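Data first, discussion second: the structure below is written as structure tokens.
The values are calculated or read from the model by the stated rules, or taken from the named source; none is laboratory data. Everything quoted here is computed from the prediction, not taken from an experiment. All Cβ positions, even for glycine, are placed from backbone atoms using ideal geometry, and neighbour counts span all protein chains on display.
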Amino acid sequence: MWATVLCPLEDGVLGMTEPELLNAVQWGLGVFAVISYIALQFTEAPYGRFEASGHWLYGPRIHGKVAWVLQEMPNVCFATSYLWACGEPSIQKISNMILLGMFLAHYVQRTFVFPLLIRGGKPTPLVVFLMAFLFCAANGYLQACTLMRHTTYPDNHLTSSTFIAGTLLFLTGMAINIQSDYILRNLRVGRSTGYQIPRGGVFEYVSAANYFGELLEWLGWAMACQTGTAYLFVFTTFSNLAPRARQHHRWYQK
């Protein structure tokens, strides 16, 4: 019963089989990443510190914390659903479950913990929220379904060098990401809601340490997963965060 309820896409949708649907989602995310990277060379995504640059065509503004929770939620829902419906306590599935559990752990922190800790925060334009929601829905489905239904690992995968190195890189990136968020939050203690130049931690070496940490996370996760879809996630993350990191660096220089 739970497989029927929680894995409703296993028989495909819109006349496509599940493999065809996964392939279409991969192509869609890849094209989206390329377009996003090119577009962000010429404009700032109108959220966060660049929210004021948003044109009225981006739509009405949504409360920042509410938008964040809702847009990130599909990752949690898909990962939880596939773990519940397709997981099993066997050596054949344990690697898949641990890897998807790592994905889920990141998004539980980002969906429920991160927004609760934010001080202040700018509203999010509707169009930006919808794009983020659709990306998270597509990527959450792609990663969860690929891992739990279309990837088979050897029994020794958890002791392989790629899994161990990837997991260590993932944990390092997560630690950098969380520490960097802490530094950014504390810039506003006893201050206005304006943005300040962060100091300390990895910010001593890169201008956008939080983005750097997240990229390390997903690169490590892709190394541990050894799937094309996981590396696609690294590419889509880079296409969004790298241009924004450069914009932050230029903003700090001003």
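For the reader, a short list of remarks on this structure follows.
- Selection status of T124, at pLDDT 95 or above and either among the polar types (S, T, N, Q) or closer than 27 Å to S207 by Cβ (or both): no
- Residue within segment 181-200 that is modelled with pLDDT of 85 or more, surrounded by fewer than 18 Cβ atoms within 10 Å (Cβ to Cβ) and assigned to a loop (DSSP other than H, G, I, E, B) present: no
Each row is one residue, and each column tells you yes or no for (1) over 18 Å from the mean Cα position of the chain (by Cα); (2) over 15 Å from W68 (Cβ atoms).
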{"residue": "L99", "(1), (2)": "no, yes"}
{"residue": "R110", "(1), (2)": "no, no"}
{"residue": "T162", "(1), (2)": "yes, yes"}
{"residue": "T167", "(1), (2)": "no, yes"}
{"residue": "Q196", "(1), (2)": "yes, yes"}
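- Residue list for segment 22-80, filter: modelled with pLDDT of 80 or more, within 20 Å of F112 (Cβ to Cβ) and outside any helix (DSSP H, G or I): I62, H63
- Index of the failed condition, G15 passing every other in (1) surrounded by 13 or more Cβ atoms within 10 Å (Cβ to Cβ); (2) under 30 Å from C86 (Cα atoms); (3) at pLDDT below 90: (1)
- Residue satisfying condition, being exposed (fewer than 15 other Cβ atoms within 10 Å of the Cβ), of a type outside the set (D, E) and out of contact with any strand residue (DSSP E or B) (no Cβ under 6 Å at 6 or more places or on another chain), within set T159, T111: T159
- Within segment 150-166, residues that are among the β-branched types (V, I, T) have Cβ atoms under 8 Å from residues that are surrounded by 13 or more Cβ atoms within 10 Å (Cβ to Cβ) and assigned to a loop (DSSP other than H, G, I, E, B) in these pairs: T151/T227; T162/Q226, counting only partners at least 6 apart in sequence or on another chain.
- Flag if L100 is modelled with pLDDT of 90 or more, crowded, with 20+ Cβ neighbours inside 10 Å and out of contact with any Ser or Thr (no Cβ under 7 Å at 6 or more places or on another chain): yes
- For T4, the stated conditions do not hold, so it cannot be described as surrounded by fewer than 19 Cβ atoms within 10 Å (Cβ to Cβ), assigned to a loop (DSSP other than H, G, I, E, B) and modelled with pLDDT under 95.
- Residue match in segment 135-146 (condition: surrounded by fewer than 16 Cβ atoms within 10 Å (Cβ to Cβ), within 21 Å of the chain's Cα centre (by Cα) and not basic (K, R)): no
- Counted residues, segment 201-233 - those being assigned to a helix (DSSP H, G or I), touching a helix residue (DSSP H, G or I) at 6+ places or on another chain (Cβ under 7 Å) and within 30 Å of M148 (Cα to Cα): 21
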